[in-house]
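Here the structure is laid out as structure tokens; the discussion comes afterwards.
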Amino acid sequence: MNNRERIVLESRIMDFASLPVFKAVADEGGISRAARRLHRVQSNVTTRVRQLEEDLGVNLFIREGKKLHLSPAGALLLGYADRLIDLATEAREAVHDAKPRGLFRLGSVESAAAMRLPGPLNEYYQRFPEVTLELQTGSIQELSTKLLHGELDAAVVVEPIADAPFEKAMIFEEELAIIAAARHPPIKSPHDLRDQTMLAREIGCPYRLRLDQWLKKAGEMPERVIEMTSWHAILGCTAAGMGVTALPKMMLTTFPDRALLSVHPLPKEFSIAPTVLIWRKGAQSPKVSALLDVLKAKPKREVKSKTAAR
């Protein structure tokens, strides 16, 4: 009997409660990090993993000192574990009414959290008081990783985002522009940014990506890139004349020294940044559906669902 047949045949005696523990150890690569993530003592995590291995009759990990690597059988089980955990969540919600309730862990890129979400989230609170909303901000990579690890229920991110692991619905489009100091000469082509310093977020930022694409199309590159972690810090340094940046025009409404900045349009193919709500495939809960309804009800928002279910 091969490992796959053994897992399938013996899964009926498997302790389901051990699967989230197994998944955490697999994701974190070790007992101690998994214990911190699960808020458990290490001995409890170790016991759960050993019990699961005994139930299945296979070694799920290859142990190298304090590090654990999935064995072939463990890698196979991980795929089943993801599906079983998602099914259990779906079943748990299905046996209750469809009214949103409980903890809703929402992630968002910083720009959307600051400019677009306060109004809709206020309305969400009023309509669904039994939901406890927890908002986290981060980069697209951080948010998508947390979604895949089950640490978030949904996230607001900017395209492009991988289609394979997620379902998504477009909630609005941002119009990007190049922002420079007030007295900066007109910026009409990438050549006008030759020898300029670019102020930007981390590599992978979708706004930075669009400016990079515009420059590369003309064979230009910024002389220097300074990375910062705050959009308001970027705007402040731009106003001081330290460099130029590209970001949604709406962000200028939150900057008190707007008069110190100038706005230069980008070509349409690089200026539109679709923003989407994403969630893990097969895990669209009533809380996520309710948030989509709130976002769709907002005026002046172009919402086009990309999911088959909606």
Approximate spin-label separation K188-R224, in nm, with each point projected 7 Å along Cα-to-Cβ: 2.8
Filter the cross-link list K217/K249; K188/K216; K23/K281; K188/K249; K146/K281 down to pairs whose alpha-carbon distance in this structure exceeds 21 Å. K217/K249
A181-E269 pseudo-label distance in nm [points 7 Å out on the Cα-to-Cβ vector]: 3.3
Kindly report the accessible area of the chain per residue (heavy atoms of protein chains, probe 1.4 Å, no ligands, DNA or RNA), in Å². 51
How large is the dipole of the chain about the Cα centre if only Lys and Arg carry +1 and Asp and Glu carry -1, each at its Cβ, rounded to the nearest 20 debye? 220
Would you be so kind as to identify which of L70, G204, T253 lies farthest towards the positive end of the dipole of the chain, taking Lys and Arg as +1 and Asp and Glu as -1 on Cβ and the Cα centre as origin? T253
Cα-Cα separations in the range 127-237 greater than 21 Å, expressed as whole percent: 50
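Say R0 is 45 Å: what FRET efficiency, to the nearest 0.05, do K217 and D257 get from their beta-carbon distance?
After rounding, the FRET efficiency stands at 0.90.
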In whole percent, and with a 1.4 Å probe on the protein chains, what portion of the accessible area of the range 153-211 is carbon and sulfur? 52
Would you list the membrane-span-like helices of the chain, meaning whole DSSP H runs whose alpha-carbon atoms span at least 30 Å along their axis and whose mean Kyte-Doolittle value is at least -0.5? 72-94
Once you charge only the Cβ atoms, +1 for Lys and Arg and -1 for Asp and Glu, what is the size of the charge dipole of the range 116-262 about its Cα centre, to the nearest 20 debye? 620
Whole-number percent relative contact order across the range 164-310, with pairs defined as alpha carbons under 8 Å at least 6 apart: 46
Across I62, I278, I140, the residue with the highest GNM fluctuation in the chain (Cα network, 10 Å cutoff) is I62
Separation between Cα centres of the range 151-179 and the range 47-94, rounded to whole Å: 31
Relative contact order for the chain: what percent, with Cα pairs under 8 Å and sequence separation of 6 or more? 21
For the pair H149/E64, report the inter-label distance in nm, with labels modelled 7 Å from Cα in the Cβ direction. 2.0
Would you please give the residues with an amide H less than 5 Å from that of Q196, counting only those at least 5 places away or on a separate chain, with H modeled from the backbone geometry? E223
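The values are calculated or read from the model by the stated rules, or taken from the named source; none is laboratory data. If you're wondering where the values come from, they're calculated on a predicted model, not measured in any experiment. Every residue, glycine among them, receives a Cβ derived from its backbone with ideal geometry; neighbour counts consider all protein chains shown. To get the accessible areas, we keep the full protein, side chains included, count just its heavy atoms, and leave off ligands, DNA and RNA. Shrake-Rupley method; radii C 1.70, N 1.55, O 1.52, S 1.80 Å.
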